[in-house]
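*Asks:* The structure follows.
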Amino acid sequence: MEKQYTMSVLTEDKAGLLNNLTIILTRRKINIDSLNVSTTEVKGISRFTIVVTTSKDKVDNCVKQFRKLIDVLGAFVYEEDEVYYQELALYKVPTSVFLNGNKIETLVRNNGARILVIEADHIIIEKTGHMEDTQDLYRKLEPLGLLEFVRSGRVAISKSKRKTEAYIKELEETRSNELSIKDY
Amino acid sequence: MNTSTLEVEEKPKTNAQRISGSEAVLRCLLEEGVDTIFGYPGGAIMPIYDELYKYMDKLNHILVRHEQGASHAAQGYARVTGKTGVCFATSGPGATNLITGIADAQIDSTPLVAITGQVASHLLGTDAFQETDVMGISMPVTKWNYQVTKAEEIPYAIARAFYIANSGRPGPVLIDITKDAQFSEFDFEYEKCTKIRSYHPFPVMESASVDAAAQLINEAKKPMLLVGHGVLISKAQSELLALAEKAGIPMASTLLGLSAVPNKHPQYVGMLGMHGNYAPNIKTNECDLLIAVGMRFDDRVTGDLNTYAKQAKVIHIEIDPAEVDKNVKSDVAIVCDAKAALIALEKKVEQNSHDEWLAEFRALDAIEFEKVGEADLHPTSGEVKMAEVIRIISEKTKGEAVIVTDVGQHQMIASRYYKFEDTRCNVTSGGLGTMGFALPAAMGAKLGRLDKQVIAVIGDGGFQMTIQELGTIFQSKIGVKVLILNNNFLGMVRQWQELFFDRRYSFTEMTNPDFQMISKGYGIPCNKVDKRAELETAIEVFLEHDGPYLLEVCVEKEGNVFPMIPTGESVSNIKLEA
């Protein structure tokens with residue numbers, strides 16, 4: 001059965017790794033729903049957050065393949081209820097829609113969004129949330145003359161107690177490059 | 001993302017010497033114990049070749065005739081020695097020509113360091129002459145690759161390359177070095193790599209898994225050991241035998257695991273897989289316990305996964321965690337080096353014997369011999385058969401030669417009928433199935449084991465894919481024996497066309513050149529045989545000749561390899577005849 005999984009991959013901050021990771025997905029015909037790359041609280045360590053829709057077997061297999069990459073420090077897979085996650089959406093609407101009363105302002109406020117920029121001809125609205133939330137606002141703004149819309153990749157933090165820094169320290173201190181498979 | 005290069009640790013130089021990047025490459029290779037390099041020069045690697053002129057007394061460079069030959073030769077060298085094979089190529093087409101050998105090394109877990117020249121760093125990404133994105137091209141088929149753009153990165157990159165290539169599950173590494181990095185000078189110091197924080201090649205064995213595995217073995221009535229390439233890689237041949245003998249377990253080998261177990265061992269029951277032996281394939285679906293050691297349940301071994309060993313518990317001993325539960329779900333996985341696992345397991349298993357179970361294999365062996373083996377090995381009429389050629393070679397060499405096979409019918413026949421008695425003596429392209437592999441790989445194998453008779457067994461099709469390496473054999477006087485089993489067909493494809501495509505022999509019949517003239521052109525003594533009566537004498541001359549020799553045996557045109565498991569079918573459906 002296919003469902004959505006969030007993969008979190010901790011890597012050295014090295015060029016080319018994105019390609020390495022995506023090759024593993026593309027050769028298995030797994031489409032990326034969303035992708036985010038960011039620094040972490042540990043200097044020199046990056047985190048890739050990759051959301052895919054596939055089967056559990058396939059996602060587990062991909063995570064094992066990620067771990068085989070030399071510059072990958074750790075790779076983890078989460079189901080929806082195992083992570084806190086958010087996405088950011090930006091909506092560009094004509095400034096003129098604001099001139100027709102306060103209907104749109106109410107819409108922005110009631111949807112937990114905010115106005116980011118006001119220009120002479122357009123206004124940028126920002127909203128963070130799960131995809132359904134940002135999509136819901138999209139649907140509401142579209143009839144009002146939505147000019148442009150963009151949504152970020154998912155950023156996610158696991159509900160586990162593991163600390164990245166402690167995890168990296170453990171890797172560094174592991175004797176003779178030995179590591180128990182359980183540590184993953 | 002950071003696009004900078006390796007973070008070379010700044011530290012006071014103690015015994016540093018100022019040398020060029022090119023010289024540093026060679027010094028690094030010497031530090032890693034390299035003695036033989038296979039390569040082909042070109043514009044972007046000329047500075048390294050220029051330095052090599054100075055190091056000719058320390059580094060034996062073999063000039064191949066095509067870069068694919070370099071990567072296969074380095075594989076052959078690595079497979080027989082356990083050391084890391086090394087090859088050089090220039091940028092662009094030189095680098096891309098290495099790729100087949102690199103991909104082959106990746107899937108067959110062969111330690112390989114490929115060093116390629118690259119255009120100068122200021123030209124990167126400009127489509128300069130002979131520039132290709134070798135990093136992008138090689139990424140999916142290397143264990144690690146790295147582009148050096150500064151001479152200072154060379155020691156660190158090469159130290160990492162060797163560490164990564166030949167630790168954990170071995171594999172190929174590619175280091176691409178820009179021409180300016182080869183020219184520029186820096187203070188050279190070398191330190192071997194022993195640790196990378198993001199790379200853990202030696203997973204720690206869990207004692208609970210060993211206990212659980214030992215319990216399964218002790219309880220099993222019909223256990224079966226599957227011996228893979230990992231046994232050879234971890235040099236665990238004697239540990240495997242110790243376990244098998246103590247617990248009385250029959251041993252079957254994968255294609256790449258051949259020569260890990262002496263074939264005459266009373267518990268050895270043959271080769272697994274599509275063209276493997278009848279007994280181990282049938283018994284896979286009758287055993288109550290499979291103990292897979294250093295093998296990855298390739299589809300050529302398992303056939304239809306839905307019907308593969310469903311009745312059996314599975315113990316999987318494997319160093320690569322990504323292979324565990326990938327194809328076959330294990331009941332107990334011991335994720336670590338095979339040798340360590342086998343030592344630990346041997347201590348915990350009870351002395352046992354399974355004579356009745358073993359006898360069941362022997363009964364099936366007899367059926368296979370009656371239906372297939374007798375006619376294959378001892379024909380008395382008709383054209384010469386591949387199997388009788390291999391039988392005679394096996395007898396004459398007492399099973400102690402290094403057999404390097406290409407890909408096709410002859411590969412399966414050699415694997416089935418050569419009786420390996422010595423270890424690390426089977427070199428073949430298993431995972432990628434690369435035609436053209438054997439001739440260059442045999443050159444590398446011979447240079448790795450000068451003390452051994454090395455025989456390349458090749459079909460007429462595969463021979464012509466890298467036939468130019470006869471030039472390398474000629475120039476470098478490599479004493480490899482080349483056996484061509486010529487049926488004027490792409491035999492294996494033809495067999496499939498016969499069985500599954502209504503005998504529509506679409507583009508598999510070959511009009512071959514005069515291989516004898518070609519061999520003579522390269523100054524290699526040769527002979528051609530097409531009569532059974534002349535075969536044995538011809539093989540004796542072939543084996544006894546001091547130096548390279550080419551023997552062409554004309555074999556039956558439409559011979560088939562049986563047993564056979566049709567693609568995607570159950571191993572129980574192994575067929576002894578069409």
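The values are calculated or read from the model by the stated rules, or taken from the named source; none is laboratory data. This one's a predicted model, so the numbers in the text were calculated from it and none came from an experiment. Cβ: placed from backbone, ideal geometry, glycine included. Neighbour counts: every protein chain shown. Please note that ligands, DNA and RNA were not included when accessible areas were found on the heavy atoms of the full protein model with its side chains. Shrake-Rupley method; radii C 1.70, N 1.55, O 1.52, S 1.80 Å.
*Asks:* Fully extended, how many nm does the chain gain between A:Lys56 and A:Glu126 (0.36 nm per residue separation, minus their Cα-Cα distance)?
*Replies:* Separation in residues times 0.36 nm, less the Cα-Cα distance, equals 21.8 nm.
*Asks:* What do you get for trypsin sites (Lys or Arg not before Pro) in segment B:510-566 restricted to DSSP loop and a cutoff of at most 12 other Cβ within 10 Å of the site's Cβ?
*Replies:* B:Lys531
*Asks:* For a quick check of your reading of the filter: which GluC sites (Glu not before Pro) in segment A:97-177 sit in a DSSP loop and have no more than 14 other Cβ atoms within 10 Å?
*Replies:* The qualifying sites are A:Glu119.
*Asks:* So for the protein assembly as shown: antiparallel DSSP bridges make up what percent, rounded to the nearest 5? Spell out each step's value before the answer.
*Replies:* Details: 52 of 119 bridges.
Of those bridges, close to 45 percent are antiparallel.
*Asks:* So if I place +1 on the C-beta of Lys and Arg and -1 on the C-beta of Asp and Glu, and nothing else carries charge, what would the dipole magnitude of segment A:86-151 be about its Cα centre? I want it in debye, nearest 20.
*Replies:* 160
*Asks:* Put +1 on the Cβ of every Lys and Arg and -1 on every Asp and Glu Cβ in the protein assembly as shown; which of B:Leu364, B:Ala438, B:Leu289 then has its Cα farthest towards the positive end of the dipole?
*Replies:* With unit charges placed on the Cβ atoms, the residue in question is B:Leu289.
*Asks:* Using 1/(1 + (r/R0)^6) with R0 = 30 angstrom and r between the beta carbons of B:Arg18 and B:Lys195, what's the FRET efficiency to the nearest 0.05?
*Replies:* Taking R0 as 30 Å, the efficiency between B:Arg18 and B:Lys195 is 0.60.
*Asks:* Using θ = phi - 60° and the Karplus relation 6.51 cos²θ - 1.76 cosθ + 1.60, list the HN-Hα couplings for segment B:555-571 in order, rounded to whole Hz, with x at every Gly or Pro.
*Replies:* Using θ = phi - 60°, the values come out as 10, 4, 5, 10, x, 10, 9, 10, x, 8, 9, x, 3, x, 8, 5, 4 Hz.
*Asks:* Same structure again: For segment B:113-265, what is the charge dipole size about the Cα centre, in debye to the nearest 20, if Lys and Arg each add +1 at the Cβ and Asp and Glu each add -1 at the Cβ?
*Replies:* That gives segment B:113-265 a dipole magnitude of about 880 debye.
*Asks:* Here is a further query. Sequence-distant or interchain residues sharing an amide H contact under 5 Å with B:Ala333, placed H: which?
*Replies:* It is B:His316, by chain and number.
*Asks:* Could the peptides B:114-123, B:300-309 be put in order, highest first, of the mean number of other beta-carbon atoms found within 10 Å of their residues?
*Replies:* Top of the packing list down: B:114-123, B:300-309.
*Asks:* For segment B:403-452, just say rounded, prolate or oblate: build the C-alpha gyration tensor, square-root its eigenvalues into a ≥ b ≥ c, call rounded for a/c under 1.5, and beyond that prolate if a/b exceeds b/c, oblate if not. Could the numbers behind the result be given before it?
*Replies:* Working: a/c = 2.24, a/b = 1.19, b/c = 1.89.
Because a/c hits 1.5 or more and a/b fails to exceed b/c, segment B:403-452 counts as oblate.
*Asks:* Continuing with the same structure: Can you compute 3J(HN,Hα) from phi for each residue in segment B:317-325, using the Karplus curve 6.51 cos²θ - 1.76 cosθ + 1.60 with θ = phi - 60°, rounded to whole Hz and x for Gly and Pro?
*Replies:* 9, 7, 7, 9, x, 5, 8, 6, 6
*Asks:* With a probe of 1.4 Å, find how much accessible area the protein assembly as shown has per residue, and write the answer as a whole number in Å².
*Replies:* Values: 31260 Å² over 762 residues.
On a per-residue basis, the protein assembly as shown sits at 41 Å².
*Asks:* Please determine, in degrees from 0 to 90 and to the nearest 10, the orientation of helix B:237-247 with respect to the longest principal axis defined by the Cα atoms of chain B, where the helix direction is its Cα long axis.
*Replies:* The helix B:237-247 is inclined about 30 degrees to chain B.
*Asks:* In degrees, nearest 10, range 0 to 90: what is the angle between the Cα axis of helix A:17-26 and the longest Cα principal axis of chain A?
*Replies:* Here the helix axis deviates by roughly 90 degrees.
*Asks:* Residues with amide H under 5 Å of B:Met510's amide H, sequence separation 5 or more or different chain, H placed in the peptide plane at 1.01 Å from N; which?
*Replies:* B:Phe489, B:Leu490
*Asks:* If you line up the long axis of helix B:355-368 against the longest principal axis of chain B, both from Cα atoms, how many degrees apart are they, to the nearest 10?
*Replies:* Around 90 degrees separate the two axes.
*Asks:* Run down the lysines and flag those whose C-alpha is under 21 Å from the C-alpha of B:Lys54, throwing out any fewer than 8 positions away in its chain.
*Replies:* B:Lys179
*Asks:* Is chain B rounded, prolate or oblate when judged by the Cα gyration tensor, a ≥ b ≥ c being the square roots of its eigenvalues, rounded requiring a/c under 1.5 and prolate requiring a/b larger than b/c?
*Replies:* oblate
*Asks:* Which value in nm describes the separation of the simple spin-label points at B:Gln475 and B:Gln215, placed 7 Å from the Cα toward the beta carbon?
*Replies:* 6.2
*Asks:* Please list, in chain and number order, the residues 5+ apart from B:Phe188 or on another chain whose amide H is under 5 Å from its amide H, with Hs placed from the backbone.
*Replies:* Excluding prolines and chain starts, which carry no amide H, the hits are B:Gln17, B:Arg18, B:Ile19.
*Asks:* Now for a different question. Mind checking how much accessible area B and A bury in total, 1.4 Å probe, in Å² rounded to 100?
*Replies:* 2900
*Asks:* Using Cα centres only, tell me the gap between segment B:335-363 and segment B:562-578 in whole Å.
*Replies:* 27
*Asks:* What is the P(r) of segment A:86-151, as percent of Cα-Cα pairs per 10 Å bin from 0?
*Replies:* 23, 63, 14, 0
*Asks:* Under a plain spin-label model, where a point goes 7 Å from the Cα along Cα-to-Cβ, how far apart in nm are A:Thr22 and B:Asn327?
*Replies:* 3.0
*Asks:* Now for a different question. Give me the extension gain from B:Lys347 to B:Thr567: residue separation times 0.36 nm, minus the current Cα-Cα distance, reported in nm with one decimal. Show your work: numbers first, answer last.
*Replies:* Working: separation 220, 0.36 × 220 = 79.20 nm, distance 3.95 nm.
Result for the pair: 75.3 nm of gain on full extension.
*Asks:* Still on this model: Assuming R0 = 45 Å, can you tell me the calculated FRET efficiency for the pair B:Ser506 and B:Ala128, based on Cβ-Cβ distance, to the nearest 0.05? Present the calculation step by step, with values, prior to reporting the outcome.
*Replies:* Numbers: r = 42 Å, r/R0 = 0.93.
After rounding, the FRET efficiency stands at 0.60.
*Asks:* Same structure again: Considering the dipole of the protein assembly as shown built from charges on the beta carbon (Lys and Arg +1, Asp and Glu -1) around the Cα centre, which of A:Cys62, B:Ile467, B:Asn327 is farthest to its positive end?
*Replies:* Among A:Cys62, B:Ile467, B:Asn327, the one farthest towards the positive end of the dipole of the protein assembly as shown is A:Cys62.
*Asks:* Using only Cα atoms, locate the centre of segment B:107-158 and the centre of segment B:287-314, then give the distance between them in Å, rounded to an integer.
*Replies:* Value for the Cα centre distance between the two parts: 38 Å.
*Asks:* State the Cα centre-to-centre distance between segment B:29-79 and segment A:21-90 in whole Å.
*Replies:* 39
*Asks:* What does the average come to when, for each residue of peptide A:66-76, you count the partner chain Cβ atoms lying within 10 Å of its Cβ?
*Replies:* Across A:66-76, the average partner-chain Cβ count within 10 Å equals 4.
*Asks:* Then there's this: Work out the length of the dipole vector of chain A about its Cα centre, built from +1 on the beta-carbon of each Lys and Arg and -1 on the beta-carbon of each Asp and Glu, and round it to the nearest 20 debye.
*Replies:* With Lys and Arg at +1 and Asp and Glu at -1, about 340 debye.
*Asks:* So what J values fall out for segment B:342-354 if you push phi through Karplus, 6.51 cos²θ - 1.76 cosθ + 1.60 with θ = phi - 60°, rounded to Hz, Gly and Pro as x?
*Replies:* Taking θ as phi minus 60°, the curve returns 5, 4, 5, 5, 4, 5, 9, 8, 8, 4, 7, 9, 10 Hz for segment B:342-354.
*Asks:* Could you tell me which of the pairs A:Lys159/B:Lys326; A:Lys169/B:Lys195; A:Lys3/B:Lys143; B:Lys339/B:Lys398; B:Lys419/B:Lys520 are separated by over 22 angstrom between their Cα atoms in the structure shown? Walk me through the numbers before you get to the answer.
*Replies:* Working: A:Lys159/B:Lys326 27 Å; A:Lys169/B:Lys195 14 Å; A:Lys3/B:Lys143 30 Å; B:Lys339/B:Lys398 27 Å; B:Lys419/B:Lys520 31 Å.
Long pairs (Cα-Cα over 22 Å): A:Lys159/B:Lys326; A:Lys3/B:Lys143; B:Lys339/B:Lys398; B:Lys419/B:Lys520.
*Asks:* With a sphere of radius 13 Å drawn around the Cβ of B:Thr434, what net charge do the other residues whose Cβ falls strictly inside it have (Lys, Arg +1; Asp, Glu -1)?
*Replies:* -3
*Asks:* Follow-up. Could you tell me the calculated FRET efficiency between A:Leu116 and A:Asp81, based on Cβ-Cβ distance and R0 = 35 angstrom, to the nearest 0.05?
*Replies:* 0.70
*Asks:* Here's another thing I want to ask about it. Can you tell which of A:Leu147, A:Leu116, A:Val97 lies farthest toward the positive end of the dipole of segment A:86-151, using +1 and -1 charges on the Cβ of basic and acidic side chains (Lys, Arg; Asp, Glu)?
*Replies:* A:Val97
*Asks:* Taking the simple approach of a point 7 Å from Cα along Cα-to-Cβ for both B:Arg532 and B:Met56, what is their distance in nm?
*Replies:* Going from the B:Arg532 label point to the B:Met56 one covers 5.2 nm.
*Asks:* Of the candidates A:Thr39, A:Thr49, A:Thr26, which one comes out as most mobile in a Gaussian network treatment of chain A with C-alpha springs shorter than 10 Å?
*Replies:* In the Gaussian network model the winner is A:Thr26.
*Asks:* Would you work out what percent of the accessible area of the protein assembly as shown, with all protein chains in place, is carbon or sulfur (probe 1.4 Å)?
*Replies:* Heavy-atom surface of the protein assembly as shown belonging to carbon and sulfur, 1.4 Å probe: 51 percent.
*Asks:* Considering only A:Leu99, A:Leu144, A:Leu69, give the residue with the highest GNM mean-square fluctuation for chain A, with springs between Cα atoms whenever their separation is below 10 Å.
*Replies:* The residue that fluctuates most here is A:Leu99.
*Asks:* Just checking the output field for B:158-169: average partner chain Cβ neighbours within 10 Å of each residue's Cβ?
*Replies:* The shielding value for this peptide is 1.
*Asks:* To continue, here is another question. Decide, for segment B:199-247, between rounded, prolate and oblate: order the square roots of the alpha carbon gyration tensor eigenvalues as a ≥ b ≥ c, take rounded if a/c falls under 1.5, and otherwise choose prolate if a/b is larger than b/c, else oblate.
*Replies:* Numbers: a/c = 2.37, a/b = 1.27, b/c = 1.87.
Oblate is the answer for segment B:199-247, as a/c is 1.5 or above yet b/c matches or exceeds a/b.
*Asks:* Follow-up question, since we're still on this one. State which entries of B:Lys385/B:Lys575; A:Lys29/B:Lys83; B:Lys58/B:Lys477 exceed 24 angstrom in Cα-Cα distance in the structure shown.
*Replies:* Flagged as over cut-off: A:Lys29/B:Lys83.
*Asks:* Something else: For segment B:402-503, which GluC sites (Glu not before Pro) are both in a DSSP coil and crowded by at most 11 other Cβ atoms within 10 Å? Intermediate results must be reported in sequence, preceding the final value.
*Replies:* Values: sites: B:Glu421, B:Glu469, B:Glu498; in loops: B:Glu421.
Sparse-neighbourhood loop GluC sites (Glu not before Pro): none present.
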